[in-house]
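Only one structure is covered here, and it is reproduced in the block below.
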Amino acid sequence: MTEAFFQLVQFVGYFLAIGAVGFRFGIVRQIRGMSEEAKSILRADNAALLGVLGLVLLGFAFLGAPYIDSIMHHKTFTESLPKNRLQFEFKMTMLALALVGFLLVRAASSVGWAFAAIGILLAALQPVYTGKFSSKVNAVHISAASTWLGTLLVLMLIGIRGVTRSSTSGTQRAELVADLVNSFSPLALVASAIVAITGATTAWLHLKRISSLWTTSYGMALDVKLILVLIVVMLGAWNWRRVRPSLGAEGSEQTIRRSARMELTFAALVLIVTSVLVSLPSPR
């Protein structure tokens, strides 16, 4: 249960940190001719604050898990740290670089965001250049999911929520939300495709045989995850095919806000199930 808890904290941390970077580079920077009022609503330091929160959660997950392990097994904290100390120290250094970057955003936006992006991506994708094939696939899977749903979360909290609460006219609010969502759509499509491919690959590597889906605890947990992921995909497709084309009309920003909230609710359930899933033994 402890492992599942720290995995969940880690997932949420990546979603917030990578989502903040995705919001900055994948959405805000793609909007041309943004008014000063719109820039004020989408202030860079608001997204950076969520990035800082994500990094705090990641630090808590990576250091808290070995600390609890040291207490439970009567070991020193150093003995409970990952055996490959060099890789662990590199990851923590990159997370520290990302933290410095997010904190620098208020003083020097462009430099701060560059540091934040480099740090969090190198930390998240570390297994790609140091781990086994299954670890490489899993790292890409987590990074793509964070880019897709983490960016949607930041878009919801900073973008859509900020616009709907602003004092601008209804038409201006609707148009700005339309710009935000239209900028997010290409990023979401690419990231969700990568999630699907890497997710299927990871499932096959762990299951080894189809019957494991209904004969093992890992397989049954995976079944629940797949059902929830399917719901998230269906909601995302609904937003893309039905809701997005209607954006720009007055009042449409409330519609996308409700549908995005529903998508994120099921995404949160996916995270909870996944945190339990990764703590279960793979079928033999």
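The values are calculated or read from the model by the stated rules, or taken from the named source; none is laboratory data. Quick caveat, the model's predicted, so the values are computed rather than measured. Backbone-built Cβ (ideal geometry, glycine too); neighbour counts: all protein chains shown. Note: areas computed on protein heavy atoms with side chains; ligands, DNA, RNA excluded. Shrake-Rupley method; radii C 1.70, N 1.55, O 1.52, S 1.80 Å.
Just to be sure I understand the filter: pairs with C-beta atoms under 6 Å, separated by 6 or more residues or on different chains, first member in the stretch 230-248 and buried (at least 17 other Cβ atoms within 10 Å of the Cβ), second member hydroxyl-bearing (Ser, Thr, Tyr) and modelled with pLDDT of 80 or more. Which pairs pass?
The qualifying pairs are Asn239/Ser259; Val243/Ser259.
Can you find even one residue in the stretch 207-223 that is in contact (Cβ under 8 Å) with a residue 24 or more places away in the chain and under 26 Å from Leu122 (Cα atoms)?
Within the stretch 207-223 (the criterion being in contact (Cβ under 8 Å) with a residue 24 or more places away in the chain and under 26 Å from Leu122 (Cα atoms)), the answer is no, since none of the residues qualifies.
Checking Arg106 against (1) assigned to a helix (DSSP H, G or I); (2) closer than 15 Å to Ala47 by Cβ: exactly one of these is not met. Which one?
Of everything listed in (1) assigned to a helix (DSSP H, G or I); (2) closer than 15 Å to Ala47 by Cβ, Arg106 misses just condition (1).
Could you go through the stretch 148-160 and let me know if any residue there is open to solvent by less than 20 Å² (accessible area, probe 1.4 Å), assigned to a helix (DSSP H, G or I), more than 15 Å from Ala267 (Cβ to Cβ) and of a type outside the set (Ser, Thr, Tyr).
yes
Just the residues that are open to solvent by 20 Å² or more (accessible area, probe 1.4 Å) and over 18 Å from the mean Cα position of the chain (by Cα), please, taken from the stretch 177-201.
Passing the criteria: Asp179, Asn182, Ala200, Thr201.
Do you know which of the residues in the stretch 50-70 that are aliphatic (A, V, I, L, M) and over 16 Å from the mean Cα position of the chain (by Cα) is surrounded by the most Cβ atoms within 10 Å (Cβ to Cβ)?
Among those residues, the one meeting the criterion is Ala65.
Part of a loop (DSSP other than H, G, I, E, B), modelled with pLDDT of 85 or more and surrounded by fewer than 20 Cβ atoms within 10 Å (Cβ to Cβ), is that true of Lys136?
Considered against the rule, which asks whether it is part of a loop (DSSP other than H, G, I, E, B), modelled with pLDDT of 85 or more and surrounded by fewer than 20 Cβ atoms within 10 Å (Cβ to Cβ), Lys136 comes out as no.
Just to be sure I understand, how many residues within the stretch 249-263 are part of a helix (DSSP H, G or I) and open to solvent by 30 Å² or more (accessible area, probe 1.4 Å)?
So the answer is 6.
Of all residues in the stretch 202-217, which are outside any helix (DSSP H, G or I) and exposed (fewer than 14 other Cβ atoms within 10 Å of the Cβ)?
Lys208, Arg209, Ile210, Ser211
Against the definition (part of a helix (DSSP H, G or I) and in contact with a helix residue (DSSP H, G or I) (Cβ under 6 Å, 6 or more places away or on another chain)), how does Leu280 come out, yes or no?
no
Need pairs with beta-carbon distance below 9 Å; first residue within 16 Å of Thr216 (Cβ to Cβ) and within the stretch 270-284, second open to solvent by less than 50 Å² (accessible area, probe 1.4 Å) and in a loop (DSSP other than H, G, I, E, B); sequence gap 6+ or separate chains.
What qualifies is Leu280/Thr216; Pro281/Thr216; Ser282/Thr216; Pro283/Ser211; Pro283/Thr216; Arg284/Thr216.
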